[in-house]
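Visitor: This is the structure I want to talk about, given as structure tokens.
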Amino acid sequence: MDEATKSSLKAIPLCKTKASPRDGDLWIERLKEEYESIIAAVQNNKTSDRDWFKLESNERGTKWFGKCWYFHNMVKYEFDVEFDIPITYPVTAPEIALPELDGKTAKMYRGGKICLSEHFKPLWARNTPKFGIAHAFALGLGPWMAVEIPDLIEKGLIHPKS
Amino acid sequence: MAKNPATTIKELTDRLNGSLGRLSAQQSADIEQSPPRTSSGFSTVGQKQPVPYREKIQKISAEVVDSNPYSRLMALQKMGIVKDYEKIREKTVAVVGVGGVGSVVAEMLTRCGIGKLILFDYDKVEIANMNRLFYQPDQAGLSKVDAAKQTLIHVNPDVQIEVHNFNITTMDNFETFVDRIRHGSLTNGKVDLVLSCVDNFEARMTVNVACNEENQIWMESGVSENAVSGHIQYIEPGKTACFACVPPLVVASNIDERTLKREGVCAASLPTTMAVVAGFLVMNTLKYLLNFGEISHYVGYNALVDFFPRDAIKPNPSCEDSHCQARQKEYEERKTLEKPNIVSTPTHDEPVVHEDNEFEIVLLEDSEEGTATETATSSNLASGLKYAYEPQPNVDQRNDQTPAQIATHDLLISLKDKLIEEAKNKRTK
């Protein structure tokens, strides 16, 4: 894990409640923790001038969507990001998807779900229920974009949106 | 040609627009007439239904004639392997995931004359799947469940096939999934068995949650990402380890992870490994449904050295899944109640005693005295098996660590594991 990931990870508050959307009031509690940690993460990204995603959810907190972006040679590449909270959450991590990139890279599953490193899932499993959405972004999506986006740009598969 | 070109072009565009308008009007009328196709509904194949090659067979015959599709299966009864083969027609099996393994499993069960299959998948057939069995290139673009149904009803029109084109891990779909486990059988009761043939941890955990809650017996299957090992696992909630009890059990491939090329690919696959695993899974299924032989609790397959470890895993008394714990309690109670009769009632697990055993083949004991009190570590597994990762240590002692500290700690542990493994490898060489 690189230093940047480590320091941003350190700044993200941990979640406490082990609850999925099927757990009623406990899920509301968890959702609050999720929002708190996402807000803190975004705040931290902004203060360190490394703002790279924004997120919102539906009313029940089961479907999430937003934008994430990456700067390459001073040019911004932005993508829609979306995922569902699985019923097994937080035992299993959310499967983050960038639908626009579906079919453009082999490191993706159907529907544009990003293919995470072999280290991510064991790490997540060991830290359940403390890791939340913000951690999945910092440890999963962030490193994935840092590797894949420059590669996709180089291959001419993606272009900046004007 | 002599006409003014401008008029000709205008005429042409008018004519084109006119026919386009008529076409779209006709199309919308067609859509209204055709039955609604919702993603969660019991959809029918989008293309033309193939005409079945024969009428449904009301009663299976054991008559040995070329035209009897069941004669070779009924022979199992004549040879004394199966007591009542025809029972298979009353059985319903749910197959979750109809990819490389699941599609072959569904075909095998269809050819065996299973009563009903319920198929779940949300993927589409792709040309990239052609290295596996079952799907044909002309089915590319169709949903896997629809394509599978198309082929299966043609192979055996006696089998009822229900399909669901959705992802079971999301809230809404999970409810339907559970409902089908509960009411999917031929008599609208519980299905007889759920077979998990999915390719990811999230979906396996989802099947595990559903089956623990519904007290549903199921079997897990998997093929490794490098395509050279696989496994099947029988899970009876409360009696055997559930999928959340211990980290996933995998066959040690003896490949140095660092020499494994991952560049540019997510997973490799071979039709061979998938067919072997599908065969194991359906064989175990038939033994379970028709009550013959001995059901394996875990069979592994290492293709590189043709090694087939067999093991039994006891449930974890402190399993994270509360429903698993409840099922364990129920099982313990049931066991104490049933104990006096155990000798007189033969069960699935009764050991098969062979009269001659010239090769001295010994099956691993599935001991059931009490539940495991020791925590899961790789040391008490059959040789050749390992956990995908070491179980989560008691969380409490790590509560005051920051995630970065935990991550570093994890990294150190994995490094240590690698070093130990390396040392071991050196020693064996």
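Derivation of every value follows stated rules applied to the coordinates shown; laboratory data play no part. If you're wondering where the values come from, they're calculated on a predicted model, not measured in any experiment. FYI the Cβ positions are ideal-geometry reconstructions off the backbone, even for glycines, and counts take in every protein chain you see.
Visitor: Do you know which of the residues in region A:130-161 that are facing chain B (nearest Cβ under 9 Å) and outside any helix (DSSP H, G or I) is farthest from the chain's Cα centre (by Cα)?
Guide: A:K130
Visitor: Then there's this: Would you check if A:I87 is in contact with a Lys or Arg (Cβ under 8 Å, 6 or more places away or on another chain) and more than 9 Å from chain B (Cβ to nearest Cβ)?
Guide: So A:I87 fails the test.
Visitor: Read through the list (1) part of a helix (DSSP H, G or I); (2) more than 16 Å from the chain's Cα centre (by Cα); (3) under 25 Å from B:Y389 (Cβ atoms), then give the number of the only condition that B:T206 fails.
Guide: For B:T206, the failing item is (2).
Visitor: Just to be sure, is A:L55 within 11 Å of chain B (Cβ to nearest Cβ), touching a residue at least 60 places away in the same chain (Cβ under 8 Å) and either more than 19 Å from B:A203 (Cβ to Cβ) or of a type outside the set (V, I, T) (or both)?
Guide: So A:L55 does not fit the description; no.
Visitor: Kindly provide the set of residues from region B:88-146 that are without any contact (Cβ under 8 Å) to a residue 40 or more places away in the chain, part of a loop (DSSP other than H, G, I, E, B), on the phi < 0 side of the Ramachandran plot and within 14 Å of chain A (Cβ to nearest Cβ), ordered by number.
Guide: Passing the criteria: B:D123, B:V125, B:E126, B:A140.
Visitor: Among the residues that make up region B:156-173, is at least one of them within 13 Å of the chain's Cα centre (by Cα), within 13 Å of another protein chain (Cβ to nearest Cβ) and of a type in the set (F, W, Y)?
Guide: No, that holds for no residue.
Visitor: Out of (1) more than 12 Å from every other protein chain (Cβ to nearest Cβ); (2) under 20 Å from A:W27 (Cβ atoms), the odd one out for A:C68 is which?
Guide: (2) is the only condition that A:C68 fails.
Visitor: Can you say whether A:R60 is away from chain B (no Cβ under 14 Å), of a type outside the set (D, E), assigned to a loop (DSSP other than H, G, I, E, B) and on the phi < 0 side of the Ramachandran plot, as far as the supplied structure shows?
Guide: For A:R60, the condition - away from chain B (no Cβ under 14 Å), of a type outside the set (D, E), assigned to a loop (DSSP other than H, G, I, E, B) and on the phi < 0 side of the Ramachandran plot - is not met.
Visitor: Output the residues belonging to region B:188-243 that are surrounded by fewer than 24 Cβ atoms within 10 Å (Cβ to Cβ) and polar (S, T, N, Q).
Guide: B:N188, B:N200, B:N215, B:Q216, B:S224, B:N226, B:T240
Visitor: For region A:1-29, what are the residues that are charged (D, E, K, R), surrounded by 14 or more Cβ atoms within 10 Å (Cβ to Cβ) and within 14 Å of chain B (Cβ to nearest Cβ)?
Guide: Answer for region A:1-29, where residues must be charged (D, E, K, R), surrounded by 14 or more Cβ atoms within 10 Å (Cβ to Cβ) and within 14 Å of chain B (Cβ to nearest Cβ): A:K6, A:K10, A:K18, A:R22, A:D23.
Visitor: Could you look through region B:295-311, keep only residues that are among the aromatic types (F, W, Y) and touching a residue at least 12 places away in the same chain (Cβ under 8 Å), and pick out the one that is nearest to B:T273 (Cα to Cα)?
Guide: B:Y301
Visitor: Restricting to region B:154-175, give me the number of residues that are touching a residue at least 40 places away in the same chain (Cβ under 8 Å), surrounded by fewer than 19 Cβ atoms within 10 Å (Cβ to Cβ) and assigned to a helix (DSSP H, G or I).
Guide: Total meeting the criteria: 3.
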